[in-house]
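Written out below as structure tokens is the structure these notes cover.
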Amino acid sequence: MIESAHIDTFARDSLPPASAQPEFRFDLPELHYPDRLNAAAELLDKMVERGHGERPCILTPSETLTYGQLQERVNRIANVLVKNLGLVPGNRVLLRSANNAMMVVSYLAVVKAGGVVVATMPLLRAKEIAYVIGKAKIAIALCDATLAEEMEKAKAAAPSLRKLVYWGKGGLETLMGQEGYETFAACDTAADDVCLIAFTSGTTGQPKGTMHFHRDLLSVCDTYGRHVLRANARDRFIGSPPLAFTFGTGGLVFFPLRVGASTILLERSTPDDLLHAIETYRATICFTAPTAYRAMLAKREGRDISSLRKCVSAGEALPKATWEAWHAATGIRILDGIGSTEMLHIFIGSPEDDLRPGATGKPVPGYRAKIIDEHGNELPANMPGRLVVRGPTGCRYLADERQKNYVENGWNVTGDTYLRDDEGYFWYQARSDDMIISAGYNIAGPEVESVLLMHEAVAECGVVGCPDAERGQIVKAYVVLKSGFSGDAVMTKSLQDFVKAEVAPYKYPRAIEYVANLPKTDTGKLQRFRLRELAAASAGAKLAS
Ligand code: 3UK
């Protein structure tokens, strides 16, 4: 057994028992890491040692940091954590900020000092922040001063939090400036010491803390990053996901640093902001969600985004229509990929030269995936069933009963229904609990959504099952129309006929409701459970009237 560097053993003690963990596989030579490994030293110090010190690393509207400058700042905050805030290896540190340079500096400083990062979405409210502090037993927090109001309320509600320092108003900056703080020897952590607890955005129930090791941060770079994304040191990464969402940390921190590239950080990243910044910074690789690609298509008139060479989409299924429209407009073949907070990053997704528009792709080298039935038996090609995966990363919930729902016989059960075709490509159907069952037919809401999105009037849509006395459920679509179209009976008929002409007619939405926007999570995912609640409420009202 490798000896842990953790003096505070809370994270290690809260790991699920080995029998409840998935089986971890290290099937590629690049995944054979040394026993002693510090991910921050590996991602940053190694790059400086290899001569990248003068290269640009972080670009923001207010500053540019080279690898060398980033290293010095990381050392300064690591010293503050240890010398001023009393951090010992294994302590959790709460980080709160929009995507900016200090957030990345703080993140890497915690990892370098042997602490455990708990980054939270900027939009969280005091109650949600206090839950995280309590669950992960956090005593130290670093926070952007612009988020002070909610942070103070959370502190009042979370007694374990003892030290809270803000940046942006001088508090942290003053501490960092102390003499002798410019160097810091990385904590000699074990490859399997926990360095990150990432909380799920929790569509139902309390958020779950997923624990990841130092080696996991490198594993995602050396699987997806190396074999699918294939970035290089000249790349400039950009994107919208928050750094507290592992889709964002991978795409905007781990992957660029692993290859010596630079990363553009935006505090605000609406589709307009993103387009503007791609043009300004000549970004080459973009990470965002399907909705944002659609919105950028509608707004790209007059913008020069020709610097882009790669685009990654995750978080939700990328409809074929969106893939094709983006390809027609930019010539870029979007890389769809499914990842999860539990798995840390993308585990199915194919490079440009081996993808199928509309499919998620093939398992990322280093991962295996299969489709199983309700009893756990593997299904043959073209049969929809439950997706399970395993590889170098996997689910380890922080003291959570729900571990048993995500891990079955050593495989991670993502909760998605997929099918694998004869060529080995994986096609997303729906979240397993989102399947609509209408008059005995199984209907995948996302398939109907992807058809509706091909209609000229549809900007966004969400399709769910609505309780129905006769059919059990009917297919109901919530539709946001593009400007200039109106949601009347003629439109409803046009949308219904359109769906019937594209896919098996039993899938058409018998009910359509027009809305101004759709409910989304902080990570930009459509909240189908909210639409289901709305649908159930309106059906109930109808029955009562
Ligand atoms: C869904 C997808 C279809 C799927 C994530 C990339 O989304 C991420 O993590 P979350 O924990 O959600 C996981 C769930 O989201 N999903 C994600 N990507 C796709 N469905 N096609 C896709 N391409 O239901 C999955 O189980 O929020 C994504 C990297 C890191 C991440 N954490």
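The values are calculated or read from the model by the stated rules, or taken from the named source; none is laboratory data. A quick note: this is a predicted structure, and the numbers were derived from the prediction, not measured. Using ideal geometry, Cβ is built from the backbone for each residue, glycine included, and neighbour counts are taken over all protein chains shown. Side chains are part of the model used for accessible areas, which takes the heavy atoms of the whole protein and leaves out ligands, DNA and RNA. Shrake-Rupley method; radii C 1.70, N 1.55, O 1.52, S 1.80 Å.
Of the GluC sites (Glu not before Pro) found in the stretch 312-369, not one falls in a DSSP loop while having at most 10 other beta-carbon atoms within 10 Å.
Dipole of the chain, Cα-centred, from +1 at each Lys and Arg C-beta and -1 at each Asp and Glu C-beta, to the nearest 20 debye?
640 debye
Positive contributions from Lys and Arg (+1) and negative ones from Asp and Glu (-1), summed over other residues with Cβ under 12 Å from the Cβ of V48, come out at -2. Going Cα to Cα from K135, which lysines come in below 21 Å? Please leave out same-chain ones fewer than 8 positions away. Within reach: K127, K153, K155, K163, K208, K404.
Hull surface divided by four, with the convex hull built on the Cα atoms of the chain: how many nm²?
Working: hull surface 102.6 nm².
If I average the Cα hull's projected area over directions, I get 25.6 nm².
With the cut-off at 1.5 for a/c, could you classify the stretch 41-138 from its C-alpha gyration tensor as rounded, prolate or oblate?
On the way: a/c = 2.67, a/b = 1.53, b/c = 1.74.
It is oblate, given that a/c is not under 1.5 and a/b is not larger than b/c.
Can you find, among S494, G440, L453, the residue farthest towards the positive end of the dipole of the stretch 439-544? Put +1 on the C-beta of Lys and Arg, -1 on that of Asp and Glu. Of the options given, the answer is G440. Per-residue ellipticity at 222 nm from helix content only, as computed over the chain with -39500 (n - 2.57) for each DSSP H run of at least four residues, stands at -7500 deg cm²/dmol. When the chain is described by a simple charge dipole with +1 on each Lys and Arg Cβ and -1 on each Asp and Glu Cβ, the residue from L534, L318, F237 located farthest towards its positive end is L534.
Where the accessible area of the stretch 79-162 is counted over protein heavy atoms with a 1.4 Å probe, how much of it, in %, is carbon and sulfur? Mind dumping the intermediate values first?
Working: 1540 of 2680 Å².
Roughly 58 percent, rounded to a whole number.
Using only the Cα atoms of the stretch 194-278, build the gyration tensor, take square roots of its eigenvalues as a ≥ b ≥ c, and label the shape rounded, prolate or oblate: rounded if a/c is under 1.5, else prolate if a/b is larger than b/c, else oblate. Oblate.
Relative to the first principal axis of the alpha-carbon coordinates of the chain, what is the inclination of helix 290-299, with its axis defined by its Cα atoms, in degrees from 0 to 90 and to the nearest 10? With rounding to tens, the tilt is 80 degrees.
Remark: the stretch 223-343 carries 32 Å² of accessible area per residue (probe radius 1.4 Å; ligands, DNA and RNA excluded).
Surface exposure of the stretch 439-544, expressed per residue as accessible area with a 1.4 Å probe, stands at 48 Å². Net charge in the neighbourhood of I7 (other residues with Cβ under 14 Å of its Cβ; Lys, Arg +1, Asp, Glu -1) is -3. Here the stretch 439-544 has 52 percent of its accessible surface on carbon and sulfur atoms, given a 1.4 Å probe and all protein chains in place.
Can you pick out the pairs among K299/K525; K169/K520; K482/K520; K310/K476 whose Cα atoms lie more than 27 Å from each other? Distance filter (> 27 Å) returns K169/K520; K310/K476.
Using the Cα centre of the stretch 439-544 as the reference point, and only Cβ charges (+1 on K/R, -1 on D/E), how large is the resulting charge dipole? Debye, rounded to the nearest 20.
200 debye
Taking other residues whose beta carbon is less than 13 angstrom from the beta carbon of L453, and scoring Lys, Arg as +1 and Asp, Glu as -1, yields -4.
For the stretch 6-86, the solvent-accessible area works out to 47 Å² per residue, with a probe of 1.4 Å and every protein chain left in place. Residues of the stretch 105-145 with an amide N closer than 20 Å to a point placed 7 Å from the Cα of A20 along the Cα-to-Cβ direction: 132-138.
Projecting the Cα positions of F485, G465, I512 onto the charge dipole of the stretch 439-544 (unit charges on Cβ atoms of Lys, Arg, Asp and Glu, taken about the Cα centre) puts G465 furthest along the positive direction. Give the shape of the stretch 439-544 as rounded, prolate or oblate, defined through the alpha-carbon gyration tensor: a ≥ b ≥ c are the square roots of its eigenvalues, a/c under 1.5 means rounded, and otherwise the shape is prolate if a/b is larger than b/c and oblate if not. Because its axes are fairly even, with a/c under 1.5, the stretch 439-544 counts as rounded.
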